[in-house]
Structure formats: C-alpha cells, structure tokens
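The values are calculated or read from the model by the stated rules, or taken from the named source; none is laboratory data. Note that the coordinates shown come from a computational prediction; the quantities given were computed from them, not determined experimentally. Positions of Cβ are backbone-derived with ideal geometry, glycine not excepted, and every protein chain shown enters the neighbour counts. What goes into the accessible areas is simple: the full protein's heavy atoms, side chains included, and nothing from ligands, DNA or RNA. Shrake-Rupley method; radii C 1.70, N 1.55, O 1.52, S 1.80 Å.
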Amino acid sequence: MSQVDINQYLIKEKPFYQIQAREVELYAAAYNNRLPVMVKGPTGCGKSRFVEYMAWKLGKPLITVACNEDMTASDLVGRYLLDANGTHWQDGPLTTAARLGAICYLDEIVEARQDTTVVIHPLTDHRRALPLDKKGELIKAHPDFQLVISYNPGYQSLMKDLKQSTKQRFVGFDFDYADAALETDILHQETGLDTAVAEKLVQIGIKARNLKGHGLDEGVSTRLLVYAATLIQDGVDAKDACRMALVRPITDDVDIRATLDHMIDAIFA
Amino acid sequence: MVIAVSKTQKAKTSRLSPEQLLAYRDQFKCNFKAVDNVFEDCMEEAVYRLSEQGISDYLEGASRVTMIGRGLEPILTYLEEMPQVAHDLGEETLNMVAEAVWALSRTANGKSIPAFVQTIGIASRRLGCKESLGQYISLVMQMMARTASSVYGWKQTSYPSPGAISMLEQMPYLLQQLSLIGLKNWIEYGITNYHNHPERQKDYFSLQSADARAVLQRERHGTLFMDHERQLNLYLQALWFEEEIPLLVPYSEAFDQLRKPHPYYDQLGFRIPDVYGDLNGVSGINRYRMVLAHMAGHRRWSHQLIADNYSPFQRMAVEHFEDCRIDYLIMKNYPGLESTIKALHPQPDEWACNPEEESCIRHRLTMISYAMLFPDHDYENSDVIDFAQRFYAAMADGQSTTNEMASLGLSFVARTRKQSDQYSSVHFKDTEVFYRDDNRHLWQFIEEGDEEEMWDKRVHKEEEEVQGLPPRHYPEWDYNSNNYRPDWVSLYESLHPSGQASKIDQLLSKHDALAKRLKRLLEMLKPQQFVRVRYQEEGSELDLDVAIRSLIDFKSGAQPDPRINMSHQHDGRNIAVMLLLDLSASLNEKAAGSNQTILELSQEAVALTAWAVEQLGDEFAIAGFCSNSRHEVRYQHIKGFSEHWDDNVKGRLAAMEAGYSTRMGAAMRHAAHYLEARKADKKLLLVLTDGEPADIDVTDDKLLIHDSHKAVQELDQKGIYSHCINLDPKADEYVQDIFGQQYTVIDKLERLPEKLPQLFMALTK
Ligand SMILES: Nc1ncnc2c1ncn2[C@@H]1O[C@H](COP(=O)(O)OP(=O)(O)OP(=O)(O)O)[C@@H](O)[C@H]1O
Ligand SMILES: [Mg+2]
C-alpha cells in the first residue's frame, strides 16, 4: 500500500540530550498512553532535540514537518499527483506516520494556518483516525503513532496563537533555557569546548537574556551559544566568535550591539 | 435640543473655563494685545504641566519679563517655553529665568534679552537638570558682563557686549557640540583674547574666525551623557540586572573649582558627570560603564554601617577597603574590566609623600587600595604587603562582607597611624579614584533621625458606602493548601463617576504628532474586505500564473504543483479586547523622571489606545479596579463593549482616581466574565498595572501572585489571552510568575502614552 520505507525514519545514533528535569519519564508516560504532546519554549532551547532523543529512546521512527504559512492540509495529509498514466495518490507525512506508527513532529505549528491545523483534530482524540476525504479512506492510526507539536509562545501575537480547541488536545511540556551549569555542560558535550570557556559563553547568554523586552524580542538561544562554541573550537578568537554568533544575528539596534559587545569584552578578559 | 446646544459650544468648552482664564489674565500684568492670541494656549499647557504654585510663579515671571520693556518677543518666548522647562527641570526655573532677565535688563546688555530667552528651551533639553541650567545662565551673564565696556568721562557711558547676541544665536549648535565645561572653556577663550576687540570678538562668538572653530574642536572631546543615555541604561539592564535599574542623573563638573564633585547615588538615582573624556586610554563610554559598575556593585554587595562610631579617618579607611572589595568582585565577574580598573586606578609612587611635612593618609590608603586590587604591585611597605595579604585571604572564599572590610580598615588605620596624619596639608597627588562614588550610601547616621517617627501612621479611612450592583463573589486560590477558597472575595461593580470629557480631548491634542503616526500604522491594520489566498488546491477561481507554471512543469515532465486555484477570504478582525486598569493608590506617585503621576500618564495612554481601537472598530471595553481587603474589591466600569469612544466615556476616564490596593485575581475573573460573553474569535485581556498584586489583609506576598497566576490559567482555558503591561521597574521579579511570557515592562514611564497603543497593535497584528 505504501511505498515508504519506515526504517529511514529510525534514529540510529543516540542523540546527545541533556536532561533538565523529569521530562524524560513524563514524556515516556505520555507516550505509553499515546497522548499527544505539545512542547513549548523559546527558540533554540532544545525542543527538537528532546523529541529526537525521545524517539530514539522509545525506538520509534520520527517524522518531522516544519510548518509554514503556505502549508495546506494536503501538505500534511497527501494528495493526488499527476503522472504520465493519470493520477496516483501520495501520502503526506502525517498520513505516513499514522499508517506506519511513527512519531509525527509538527515543528512551529503556529506558523500553519488554522484551517490546516484542524486536520490533526481527529487524530488527537479518542478516534485516533485520519479521514482522507479526497481518497475516501479512513485511516485508523497505527498503535505506535503519536503526534507531537512544538510551539513558541514568545511571538506575543494574539493572532498567532493556537485555538483553544487545538491546545486542549495535548499534554504540555514547558521548556526554557537550561540553567547555567547544565547549559555549560551542553556546550561542552556538543562541541568539546573547554568548560571554563563554555561557562563564559553561558554567562553572556544569561546576561543578554536580561535585555529581552527592553529592545530584544528574544534572548540569545542555546543554539546560538552552540554556534559560538563551535567557532571557538575551530580556532576562531572567542570575542570574534561571540560577536558573530551571538550579537550580529539577533539585533541591529546600535545601542544594544554596543552593550553586548562591551559585555563580551568584559567577560572575556 | 439640549444636545444641539452643547455641541455648538463644544469647540469652546474644550478649553479652560472663561472665568478661570480671565482670572489668570488678571494676574499677568501685560498690555500687549498680541499676547492674548497665545495666552489661552500657553495657560492650558501651564495648567496641565504645573502645580498651583508653579502657575502663579509662571504668571509672575511673565509679568517681570513684560516689565523690562524689551518688546513682545521675550514675553512670548517665556510664555511658550517655560511650562515645558519647569516641568522637565523643576519649577524653580520659572523664577530663575525671570530673575536673570530682570538682572540683564539692568545692564547695558538689555538688547540681548530676546536672544537669551530664546536659548532657554534648548539649554534645558541639553543640560537636563536645573543646577546645570543655572550654571549655564550665570555663564552667559558673566560673558556679557565681562565683554561689555564702560567709558568714564564727563558722563559715564556703557557699551553692550559686542559678541553676546552672536554667541546666543550660535547657542543651539554650541550646546549640541559641547558639554557645559567645554562651553565654558570656549567662551573663556573668547573673552580672554578679544574682550577689547569688538570686531574680532564678534567674529569669534559667531564662529566665523578660525580660532573659534579650532577651540571648539578642541573642547569637543568627550562622551556626552545625553547622547548615550539609552546605551548606559541597557548596560545596567544587561550586566547588572537589578531589581530596579536606577535613574541616571547627570551633573556638570565645570563649576566646582575647588574639588570636582564625585559621582554618588541616593534614592533618586545614580549621579554621574555630564561628560567624560578619554582617560589613560579608557574611552568615555567605558568610563561611564565603570562608574556605573562600581555603584551597581555597591548596590549589590554593600551593606550600611553605623557612622556615628567612627572617626573621619576610620571612615575613610573603611571606604577604601570596601571599595576594593567591590572592585575585586567586579573583576571576578567581569575579568575584562581588570584592564579598565588598572588604567583608571592611580598608582602612587611609594616615596612621593613626606610624612615629616604633610599628611600621608590619602597616599597610604591609595597605595593599599592599589595593592589589594593588583597583587603584582611593587610596594615595599610591610603594612601594605601585610594588609593586602589579609585582603586576599578574606576574598579567597567568596564575597566577604562589608563588616569584614570595616574591621580590616580599622586595624589598618590603627596600625599605620602617624602624628602627621592630622596636618592640614594633605598629599593629594595620585590619590583620587575617579570611577568610585563618594560612598555616602554606606553610612547611616542614627543620631539625627528620630526612630519614633517610623510609627505606623496609617489612618484607616472611613468605610465608604459602596454604591452600585450587589456584590459578586469570586473564589481565590490558596497555594498553601492547593485549593480554592470559595466565595472568598466580594466584588462590587459600579459605574465610574464622570468628569470633564474636555480634559481627555486636551490630553489627546497634546499627542497630535503621535496620533498621526499611529494613524498610519492603523491604516495597515485595518481589515481589508477581501484578501486573496493563493496556492489552493480547491478554490473559487483559477490562479492563472500558477496554472501556467504548472502546465509547463507537466509538459516538461516535471511534477506539476496542483495548487493552481485561489480563493477569497473575508479578513475581518474579529477580536474583543478588555483593558483592565489597576487604580491602586501607588498610581498617585510621580513617575520617575517625570512631573506627571502614573495616573495621568495612564489616562493619556488609555485615551490614545481607546481612540486607536475605535478607529479599528474592534470590540473594546475599559474597566478599573482597586481593593480594600477581600470584602471590598471595586470594579469600575469605564467603557462597555457596546459604548463608543464618546464624551460619556471620556468623562469617566477624566475622573479616574487612584486609591487602595491591588487584588488582581478577582478583577481579572470579573473582567473575564464579560469577555466570555462576547462572540469574537479572539479575546484579549490587557492588564495595566504598576506593581504586584497586594492587599491590606494579605501578609504573604506570594498568595495573590499565585492567585493571579491561577486567574490567568482560568482565562486561558476560556480562550481568553491575558497580557500584562507592567509599569513597575521591579516587575521582572514577579510578572513572569503571573503572566508567563505574556507581559511587557515599560521602562520609561513617560513613553507609556506612545507604547500602549503600539503594543496593542503589535499584539493584534
Ligand atoms: N537539553 C539539551 N541537550 C542537548 N543539546 C541541547 C539542549 N538544549 C539545547 N541544545 C542545543 O541547542 C540546539 C538547538 O536546540 P533545538 O533545535 O532543539 O531548539 P528548538 O527548541 O527546537 O528551537 P526552535 O524553536 O527554534 O525550533 C541543539 O542543536 C543543541 O545543540
Ligand atoms: Mg526546533
């Protein structure tokens, strides 16, 4: 029926994930009961990494879909395609996951239009089914199938929020940047960077997050700190790496830049 | 019929009442007819910006400017500029300026009065505090006095200063370029060199001559505070993130000849120089940062000591040790600052001071200070070496304490005491550490203060009858027991009393320019009737562009995009917004750095927002709340969803008053029940508050925070999005616990009127 090889979605190597609290056991409990999961948190704080890690730990394939504004329901569910002999049906990623029992991860779900997000509704309540209207088929989800969405509440726009009826189908996990010691460890483990230097990067990250709401929309993410660490590991001067990875991408405001630049000089003697 | 009458009168009634105006006009002694054209406008601004006393000073000042008989111009300038100046720098300036004009009129330089008055506005904006404005005025007056000349003969004749008017005309530019001390030096040069060459003096002060420009260039060094204020605020916010970032207040170093004033801090804020030049390779901006770091360090790590027990020398020593502890901790946190401190801290020559002839106390303390900060020092004095060791040991395991430094300091004085310390001639060279403040915050003097006065003076207000609807009861969340206390809070809703709608129109007219800008933004937000949605598999119309592209793909054997249709969608904004205002007593306080109360600023902000939302046509309601224990939460209706932004609503807003406490949860729940009844797709509750929830019958600070957080969650369940606009600089401590990420802290209160509507638009974009 489906031509897709599910094994390609299995995560073969153990991803590095630094556990922050009890999220691993709690997620496992949610999965055992096949409850849909929502992971919330600011950008680059480890949401995607966590889901990947859980998929590996549970030994389930993971299908990730990055959502965007132009995405339609068919992009998730599937569509008829034209070919030389007429048409044939092509499953979308959501359908594939439901049929074959994968974890389907819809990244940045708020980006998708609301008429798109509603297609997940029947999969996320007791029905656990996906109607393919055009094809006239009703798929019963595979027992291993689970839906996970990620969602960054920091957009601060009412219009870009999920509907209540969507939100209330999920159990939720709040993520935030790891505390200083853990974040240092993440940088060290991800890039091999010396802990003393990693500590300083983390200090910069934490201080820069103080400016959130005072001219910065988002603080410096763990992802950016990892970038900086990678550059330093590669021999780039620490201050240059910080400017390039931590300051330039997040702001064009001259005053904020000057402040962050100074902070880098103050922290890296 | 009544309505028709009041409408025709409206244009007039939106002003001061005619009687009031007449009374003010009587106090202002001036016969120029032309003044009457602007008097009303000026008075309106004055009434708005000034206190009772201020208004009377203003009118008296204007009368004096009239009396000198220099024509209409200085009068008009005074009338127009002074309300703003007095509002920004303090009402003492009203007299100060009038006084100066009066004094000038008694000299030969009366002709330059109009030009002089003209510079007051820009000078006040550039200089930023009344002391500096006063110094500016005396600077200008001295220049005029010293360049005017008298010829004694059969009859004494006086000639006015030839350069004064030219200089005053250049003043906006000069103030833009120079700090007060720079200006002083520039003027000084002109006086010294040209006081008896009228023509060349004129050239100099009108910036025509080459040396005028050269001196200007030379004096233009330094980093001006006014140009870097925001950056310095950001610096504090990011690196020293304190509960509350202090206000920065500049002073000028130009006028204390004897000893330069030191930075210091008090309740009002951090006082710092208005300009810093580069010093020992440290740039001006980094010198500012260093001063702020040091003061912020004190705020973070120092504790007060009782001053009464110590002699002046002992205090001086304690201060030096404590300063070193602060600098040490700064370097520990920010190793990059070590080089800055090293460059700025003097390193006195060990043998420079002769104890036979002069007092070496400062010299000794500066040496030990240097030695404590920089272990690689090369001092040989055994006490210095010993105490530096003791300092390192104290700092070795952590932060140490102010008390530990105090006892180190005391033993240091005791050990190194010399007869000559008392000598009046003190060795000063290389002993001043300019980035350190004067430590006045470190000392507490108990003898003067009378502790009895600390008695609780709270007077209980008479229970007022609460009018309006019967109370509604709401539960409150008790986090200790993890449970609701049912029907815990009684909430009374009433219609807010009404006042003068014209007051609000007046506030709005003040923000004309802002309103124009908002209008442009609003245009973009306004719902377009239909929007085209492209890339649809099914739709109402074929999207020709896409279809052709698909066909080409198909013909060429590639996978065609099937999304070749488009459809139209009605893009109505369908949202309901409730603005809930905290009307607790703290709103009566003056906003930091502004002469207006928080309440007044809120009124302006709410008026602008309401106006903006009305333009958009969104459903919008406004209510206020305050509380006086759980038995009496007052909820005041200001604007209902079905009401328009009209004079009734404006009247209620104008009468807004603040009092009592902030029991936020109940008010939010009540506001929510109105929002719940709306049919809109999106529902937004905006809470405007200046502090954390609190009430007189609650001692546990956390309780109402938890309850408000619970309310936010309840609202979320009901599909109502809450967002907090917080005016409290300390908000970062608790606002997240209540609103999660859904909050905005307004740092600069005076910008609230501009921020609130913008925030509303950003949230609903
Ligand atoms: N707990 C963690 N363990 C290991 N790595 C982490 C952790 N948190 C963050 N990282 C690092 O941060 C990077 C970004 O994390 P991730 O891609 O999961 O962010 P995200 O929260 O999904 O962000 P976005 O919302 O932008 O998609 C990862 O590539 C990883 O290097
Ligand atoms: Mg991600």
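Using DSSP to call loops (not H, G, I, E or B), can you name the trypsin sites (Lys or Arg not before Pro) in the range B:327-423 whose Cβ has at most 14 other Cβ atoms within 10 angstrom? Display every interim value, and only then the final one.
Numbers: sites: B:Lys332, B:Lys342, B:Arg362, B:Arg364, B:Arg390, B:Arg415, B:Arg417, B:Lys418; in loops: B:Arg417, B:Lys418.
Taking the range B:327-423 and a limit of 14 other Cβ atoms within 10 Å, the loop trypsin sites (Lys or Arg not before Pro) found are B:Arg417, B:Lys418.
Under the Kirkwood approximation for Rh and a Cα-based Rg, what ratio Rg/Rh is obtained for the range A:113-261?
Values: Rg = 21.0 Å, Rh = 18.5 Å.
When Rh is taken as the Kirkwood radius, the ratio is 1.13.
Hey, in the GNM for chain A with a 10 angstrom Cα cutoff, which one of A:Ile63, A:Ile19, A:Ile11 fluctuates hardest?
It is A:Ile19.
With no solvent and one equal point scatterer per Cα, compute the Debye intensity ratio I(q)/I(0) for the protein assembly as shown at 0.04, 0.07, 0.10 Å⁻¹ and report its log10, rounded to two decimals.
Summing over Cα pairs of the protein assembly as shown leads to -0.28, -0.85, -1.42.
Under a no-solvent Debye model with one identical scatterer per Cα of the range A:6-174, what's log10 I(q)/I(0) at q = 0.14 Å⁻¹?
-0.72
Can you give the mean number of other chain Cβ atoms that lie within 10 Å of the Cβ atoms in peptide A:69-80? Write down the numbers at each step before the final one.
Details: counts 0, 4, 1, 6, 1, 5, 3, 0, 0, 0, 3, 2.
Average neighbour count from other chains, rounded to a whole number: 2.
Sequence-distant or interchain residues sharing an amide H contact under 5 Å with A:Tyr80, placed H: which?
Those qualifying (amide H under 5 Å, at least 5 residues apart or on another chain) are A:Gln90.
Please list, in order along the range B:476-483, the HN-Hα scalar couplings obtained from phi with the Karplus expression 6.51 cos²θ - 1.76 cosθ + 1.60 (θ = phi - 60°), rounded to whole Hz, x for Gly and Pro.
For the range B:476-483, the Karplus-derived couplings read 9, 8, 9, 6, 5, 9, 6, 8 Hz, x marking Gly and Pro.
In peptide A:209-220, what is the residue-averaged number of other protein chain Cβ atoms found within 10 Å of each Cβ?
So the per-residue partner count for this stretch is 4.
Go through the cysteines of the protein assembly as shown and tell me which have no other cysteine Cβ under 4.7 Å away.
A:Cys45, A:Cys67, A:Cys104, A:Cys242, B:Cys30, B:Cys42, B:Cys129, B:Cys324, B:Cys626, B:Cys724
Can you give me the solvent accessible area of B:Met67 with a 1.4 Å probe, rounded to the nearest 10 Å²?
Around 130 Å² of this residue is reachable by solvent.
Taking the Kirkwood radius as the inverse of the mean 1/r across Cα pairs, report the Rg/Rh of the range B:226-444. Show your work: numbers first, answer last.
Details: Rg = 17.1 Å, Rh = 18.0 Å.
Across the range B:226-444, the Cα-based Rg/Rh ratio is 0.95.
Based on C-alpha coordinates, I'd like the Rg and Dmax of chain B, in Å.
32.8, 112
Ballpark to the nearest 100 Å², how much total accessible area do B and A bury together, probe 1.4 Å? Don't jump to the answer; show the numbers that get you there.
Working: alone 38370 and 13590 Å², together 48300 Å².
Roughly 3700 Å².
Over the range B:263-345, what per residue volume does the convex hull of the Cα atoms give, in whole Å³?
Normalising the Cα hull of the range B:263-345 by residue number yields 110 Å³.
Once you keep just the Cα pairs under 8 angstrom separated by 6 or more residues, what percentage relative contact order results for the range B:308-447?
Numbers: 145 pairs, mean separation 57.8, N = 140.
Once normalised by length, the contact order is 41 percent.
May I ask you to derive the relative contact order of the range A:63-151, considering only C-alpha pairs under 8 Å and at least 6 residues apart, and to give it as an integer percent?
Result for the range A:63-151 is 34 percent.
For a quick check: with amide H placed at 1.01 Å from N, whose amide H comes under 5 Å from A:Gly219's, ignoring anything fewer than 5 positions away on the same chain?
HN-HN under 5 Å from A:Gly219: empty list.
Measuring from centroid to centroid over Cα atoms, what is the spacing of the range B:647-724 and the range B:202-223 in Å?
58 Å
Taking only C-alpha pairs under 8 Å that are 6+ residues apart, what is the relative contact order of chain B in percent?
For chain B, the relative contact order is 9 percent.
Given H placed on each backbone N at 1.01 Å, which residues far from B:Ile622 in sequence or on other chains put an amide H within less than 5 Å of it?
Distant-sequence amide H within range of B:Ile622: B:Leu579, B:Ile638, B:Lys639, B:Gly640.
Which whole-Hz ³J(HN,Hα) couplings does the range A:179-190 yield from phi under the Karplus relation 6.51 cos²θ - 1.76 cosθ + 1.60, θ = phi - 60°, glycine and proline marked x?
Calculated HN-Hα couplings, in order: 6, 3, 5, 5, 5, 4, 4, 4, 4, 4, 5, 5 Hz.
Show me the GluC sites (Glu not before Pro) within the range B:351-407 that DSSP assigns to loop and that have at most 15 other Cβ atoms within 10 Å of their Cβ.
Loop-located and lightly packed - B:Glu356, B:Glu357, B:Glu380.
Give me the percent of the accessible area of the protein assembly as shown that comes from carbon and sulfur atoms, probe 1.4 Å, all protein chains in place.
50 percent
Roll a 1.4 Å probe over the protein chains and send me the accessible area per residue for the protein assembly as shown in Å².
Each residue of the protein assembly as shown exposes 47 Å² on average to a 1.4 Å probe.
Using each residue's phi in the range B:551-568, evaluate 6.51 cos²θ - 1.76 cosθ + 1.60 at θ = phi - 60° and report the 3J(HN,Hα) Karplus result to the nearest Hz, with x for Gly and Pro.
Taking θ as phi minus 60°, the curve returns 5, 4, 4, 4, 4, 8, x, 8, 6, x, 7, x, 8, 9, 9, 9, 9, 10 Hz for the range B:551-568.
Can you give the average number of partner chain beta-carbon atoms within 10 Å of each beta-carbon in peptide A:256-269, as a whole number? Could you put the intermediate results ahead of the total?
Numbers: counts 5, 2, 6, 11, 4, 0, 11, 7, 1, 6, 14, 6, 3, 7.
Mean shielding count: 6.
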